[in-house]
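Read-outs throughout are calculated quantities, based only on the coordinates presented, and are distinct from any laboratory measurement. Bear in mind the structure is a predicted one, so any value in this text is a computation, not a measurement. Cβ atoms come from the backbone with ideal geometry, glycine included; neighbour counts cover every protein chain shown.
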Amino acid sequence: MTPQLSSWWRNAAIYQVYPRSFQDTNGDGEGDLRGVISQLDYLKSLGIDAIWLSPFYTSPNNDGGYDVANPRDVDPRFGTLSDAEELIRAAHSKGLKIIVDIVPNHFSTEHEWFKEALANPPGSQARSRFHFYDGRGESGEIPPNNWCSIFGGPAWSRVTESDGTPGQWYLHLFDSTQADLNWENSDVHEDFEKTLRFWLDKGVDGFRIDVAHGLAKEEILKDHRDPEGLTRALRLDVSDMPRDERESLLSDVPFFDREGVHEIYRQWRKVFDSYSGERMSVAEAWVHPSSRATRYVRSDELHQIFNFDFLIAEWNAEFLRSAIDKTLNEVSEVQAPPTWVLCNHDSPRLVSRLGGGDLGAKKARAMALLTHALPGGIYIYQGEELGLEDANLPDEVRQDPVFFRTKGADKGRDGARVPIPWRADDENFGFTTGKPWLPMPRQWSDMAVDSQTQESGSFLHLYRKSLSIRAKHPALKQKNSIDVSSEISWIPTQAGVLAFERKPGFTLIANCNDFSCDVEISGEILLASQPGVTQKDGVTTLPAHTTCWINTSH
Ligand code: NOJ
Ligand code: CA
């Protein structure tokens, strides 16, 4: 299959909305779909191409809606199905595409299938949609294997049979209320195809596929040699784990990145391609080594895969350069476009990860300009454009199952999910007239959208400018090259500085050092992440931790 090199998603800027924390319109303290509709002008003003909405489907919301009880309806906390339809229509009328989440690894235990499974005996068709097994030990009291949940604790829970006796166990790689689906069962395939078509018929432009590498499982009845080590490695909690050990654990995970997942995506691709309008898909798949990621974006499978290299990257020139080269070379092999992700609802916010405070903010701005100048698609998580930091939350308000399942050892992801501050002077910064579902830091006035709109040096202005230049500059806007690795040419410079050229007429310089640097490149400065970039006699001087974009066409 020849790739359509002009497809919109190949270099789109896609903005992730976490609906629960975006904008509330009915005063219940939680964001909703009408809130997203009410902020479409703001989203449009950022210069993005598409919005990815985290789940808003019927759900008990034990894992932020990634515990789906009905994938073809809207949870009342978010509104109604007609709100979703209106959102799709309204976004399209403003020229914005809509991508929705699909969660195929598990269903909530509130899904009717799970209830049916409980009401039916072991060995029944209803149970075979999930992974139900008898336990080991004399009375089945030991789980079928020793796997751990990625959220902490065991990966199995035992059910009570309808006669009141302790019964079989079911597998859950995440929370105990997220039962893993058995993709060897044809009902599962049919139901997901129905869900894809349901939303495609409503006009969505694509899907973000949750845990895309997890659907096929192998050796389910075999113990793992080090289940706790494996979970730590998967959660990147590896500071005290020897590298060799980590590599060895990650290179063979019995429930991730198995060959069987690819056949599923080949089928899904046929569904996407049967619709007009370049519908796309992006895989959330943490695979190891990263070269295996390209297998998900072969021309008859998915369109994009999140590249998480930058999600965990420090502001370090050597690391960043090697991550860029590696990514571009890998995806070029399958003629897919790369993607770049700086943060999302599962990870610390960028400014916090880079150390927080003024220095963290400086590095984050520089990192954003580096990212926005790369070929391929970029993903921006709500609030990233405001330079928000993670909120310090008291434990009593935390809601993430990770916090509970690790007994507080891991604080979880709530700090990055605090609602968006819209207006500095309004109650709850204009997010809600009620009580926000997570408290919003008092000191966020200067971070609010209206404050930043007034302030020409703000994060928000930087994002608006960079996205606008990215969309217009001939070197950055849509390219039709099959080989993205040829799209950037590195320029040799001193240690700690990155410089590359993109043709025609664009050069980026990033100074990752904590001192200013002179670089022998000059031209019209299009944008800089900090004030203070100067030029003299063909030399550009960049302050510490600064990226600048230079027009070199003349
Ligand atoms: C990845 C999602 O992004 C995350 O929020 C969720 O907890 C897990 N998948 C499980 O669905
Ligand atoms: Ca609401």
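If you average the C-alpha positions of the range 59-77 and of the range 480-540 separately, how far apart do those two centres end up, in angstrom?
First find each Cα centre; the distance between them is then 45 Å.
Could you name the lysines in cross-link range of LYS270, using Cα to Cα under 16 Å and dropping any fewer than eight places away on the same chain?
Those lysines meeting the cut-off are LYS194.
Which angle between 0 and 90 degrees, to the nearest 10, do you get for helix 459-472 versus the longest principal axis of the chain when only C-alpha atoms count?
Tilt of helix 459-472: around 80 degrees.
Between LYS435 and TYR42, what is the spin-label point distance in nm, taking each point 7 Å from the Cα along the Cα→C-beta axis?
2.3 nm
Give me THR58, THR327 ranked fewest to most by other Cβ atoms within 10 Å of their Cβ, as a rough exposure proxy.
Going from least to most buried by this count: THR58, THR327.
In this model, which of LYS94/LYS479; LYS363/LYS407; LYS44/LYS97 are farther than 21 Å apart at the alpha-carbon? Write out the running numbers ahead of the final one.
Values: LYS94/LYS479 23 Å; LYS363/LYS407 33 Å; LYS44/LYS97 11 Å.
Flagged as over cut-off: LYS94/LYS479; LYS363/LYS407.
So what is the calculated 222 nm ellipticity per residue for the chain, using -39500 (n - 2.57) for each DSSP H run with n of 4 or more, over all residues, to the nearest 500 deg cm²/dmol?
Result for the chain, helices only: -7500 deg cm²/dmol.
Gain in length, ASP226 to ALA471, computed as 0.36 nm per residue apart minus the alpha-carbon separation, to one decimal in nm?
Taking ASP226 through ALA471 to full extension adds about 83.4 nm, to one decimal.
By how many degrees, 0 to 90 and rounded to 10, does the Cα axis of helix 260-273 deviate from the longest principal axis of the chain?
70 degrees
Give me the distance in nm between label points sitting 7 Å out from Cα along the Cα-to-Cβ direction at GLU141 and LYS407, one decimal.
Distance between label points: 2.0 nm.
Translational diffusion coefficient of the chain at 25 °C, 0.890 mPa s, Stokes-Einstein with Kirkwood Rh over Cα pairs, in µm²/s as a whole number.
The estimated diffusion coefficient comes to 100 µm²/s.
Can you list the residues, at least 5 places off or on another chain, whose amide H is less than 5 Å from the amide H of ASP73, using H built in the peptide plane?
Those qualifying (amide H under 5 Å, at least 5 residues apart or on another chain) are THR58.
In whole angstrom, note down how far apart the Cα centers of the range 318-344 and the range 193-213 are.
A separation of 25 Å, based on Cα centres.
Where a Cα-Cα gap under 18 Å defines reach, which aspartates and glutamates qualify for LYS202, not counting those fewer than 8 residues away within the same chain?
List returned: ASP73, ASP75, ASP83, GLU85, GLU86, ASP101, ASP191, GLU193, ASP273, GLU278.
Rounded to the nearest 0.05, what FRET efficiency do SER291 and SER481 give with R0 = 30 Å and r taken as the Cβ-Cβ distance? Could you check?
With a Förster radius of 30 Å, E is 0.90.
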